Amino acid sequence: MAALAGSSSAATATTSSTRFRRFIRPPPSQLSFSRARFSVKAACPFFSDNNNSLPQNVVASKPSALELLKASAADRYTKEKSCIVCIGLNIHTAPVEMREKLAIPEDRWPQVIKDLCAFNHIEEAAVLSTCNRMEIYVVALSQHRGVKEVTDWMSKVSGVSIPDLREHQVLLYNADATHHLFEVAAGLDSLVLGEGQILAQVKQVVKTGQGVPGFDRKISGLFKHAISVGKRVRTETNISSGSVSVSSAAVELALMKLPDSSFADAGMLVVGSGKMGKLVIKHLAAKGCKRMVVVNRSEEKVKAIQRELKDVEIVFRPISEMLTCAAEADVIFTSTASESPLFTVENVQKLPLATHGRRRLFVDISIPRNVEAGVSDLETAHVYNVDDLKEVVAANKEDRLQKAAEAREIIMEELNKFEAWKDSLETAPTIKKFRAYVERIRASEMEKCLSKMGNDVSKEQKDAIYALSMGIVNKVLQGPMQHLRCDNKNHNSQSEVLENMRAINRMYDLETEVSLLEEKIRDKMERAKK
């Protein structure tokens, strides 16, 4: 019966474990559990080296997974390295309806970083929220618990259920997360391959995060390195040449949908003159559009664009005249930060037909969307959003595939450099623990020496013995300390440092001490109680 119970418990635990692993899907190479944690000898006294036979009244049965878990160390979740995690949604995994629910305005990024780092298992964080993606990058002190905390938070703030999030979620760890961000910065993960706007958005993450508690060494270093990668890829491969931004793709899509494939006789309306709107205006001018109306809350930005594009007639209208202007337009581009739709089914229904009785074309590149979803069902309108830009991307994709292959070689080279730099940071705790280990030996041996010398030892003698012991320790530590440091420039040097670090950890059993991660988690939990 005991064997049967153990088997049943193991089956239950295995099923649950399988479901959980299917959710997080970490690469096997990144699992850093200690072998001792799953040791039968450590978990069950009947299997110790000093006990070769079982008691008469004990039935031999293999301990279940749940029993082993309960018997393992209490800090089993913290005996692992901190982990960089990317978790979120993007245009490749989730529809616009879901992405817009999770979109985070730039002015809220600092507060989101603070909120995420308030969790027990999140040490650092950053937010990258654009029209094509909402991705959160964190340094998690515990991989599994950190992912759960972020997923629960995302569900709470967006109203999207956890099962729906998991279905569309991007979830990457360590080198995979780093590789993904480098591809994002290089424009390889964008809808328009090689687009340059995403690099500016990655730069904005660093600018916004400066001085924010939680945007610290690893995450800051990750994003700064991503910026360098993006610049290098564009410089060495010229992948960003030509029309490669979301705004340019929006203009190309509109051009493809017009009957004559020309802006010459079509009325153009651009709603919003921010970064995206300004790019739309520039690309319209580049494609031969000589007149357009721009609706914006203030005239100042529009005047600046007018001065820049003197050969194009750009007419400013306030937001209050938006529907009047829309009635006279054949193509309407929307790119504002409005959190509610500007064009609803009700007000679009009241608009007259476009020129020659054609349907009016809406190109909405905003997140959240500026054009209500139901407008696409009207017989008087065609609506396209960022997801529909795939049609334009397909036309340009072949020209960029070769450049993308070259870019990926650069990314792999830069990935190795970053991983070496990140791993080199781990030597600091080893240096600290090794110094503490040697100091304990020195203090203990000095105390033994003084006790044997009796009470007749003068202060000068004690000072001399102390100086002698410190001199010996410093001489002994000099070599190991030199081989545990590097200048972060020589890749081979970093590899040697990491191997030296692992060797010292093994030789002096430094990993058996309370881990630095565990200390951080305990500090966080204590602060949360106050």
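The values are calculated or read from the model by the stated rules, or taken from the named source; none is laboratory data. Predicted, not measured: the structure shown is a model, and the values here were computed from it. We place every Cβ from the backbone using ideal geometry, glycine too, and count neighbours over all the protein chains shown. Please note that ligands, DNA and RNA were not included when accessible areas were found on the heavy atoms of the full protein model with its side chains. Shrake-Rupley method; radii C 1.70, N 1.55, O 1.52, S 1.80 Å.
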What distance in nm separates the two pseudo spin-label positions at Lys417 and Ser338, each 7 Å out from Cα along the beta-carbon direction? 4.5
Between the range 316-340 and the range 411-475, what is the C-alpha centre distance in whole Å? 69
Please give the contour-minus-distance gain from Glu300 to Gln482: 0.36 nm per residue of separation, less the Cα-Cα distance, rounded to one decimal in nm. 59.6 nm
Quick calc: nm separation of the 7 Å Cα→Cβ label points for Arg435 and Thr235 -> 3.7
Would the range 78-159 count as rounded, prolate or oblate if I go by the C-alpha gyration tensor, calling it rounded below 1.5 in a/c and otherwise prolate when a/b exceeds b/c, oblate otherwise? prolate
The range 283-404: C-alpha gyration tensor shape, a/c 1.5 cut-off, then a/b vs b/c: oblate
Of the accessible area of the range 78-237, with the probe set at 1.4 angstrom, what percent is carbon plus sulfur? 50
Once both label points are put 7 Å beyond Cα along the C-beta direction, the Glu499-Ser161 separation in nm becomes 5.3
For the pairs Lys148/Lys422; Lys278/Lys301; Lys290/Lys310, flag any whose C-alpha to C-alpha distance is greater than 18 Å. Lys148/Lys422
Please give the FRET efficiency for Lys350 paired with Ile319, using the beta carbon to beta carbon distance and R0 = 25 Å, rounded to the nearest 0.05. 0.90
Rounded to 0.05, the calculated FRET efficiency for the beta carbons of Lys114 and Ala200 at R₀ = 22 Å is 0.35
Starting from the amide H of Val271, placed 1.01 Å from N in the peptide plane, find each other amide H under 5 Å away whose residue is 5 or more places distant or on another chain. Val295, Phe333, Thr334, Ser335
Could you give the accessible area per residue of the range 78-237, probe 1.4 Å, as a whole number in Å²? 33
Given Lys203/Lys282; Lys287/Lys350; Lys448/Lys475; Lys231/Lys275; Lys282/Lys390, the pairs whose alpha carbons are separated by over 27 Å: Lys287/Lys350
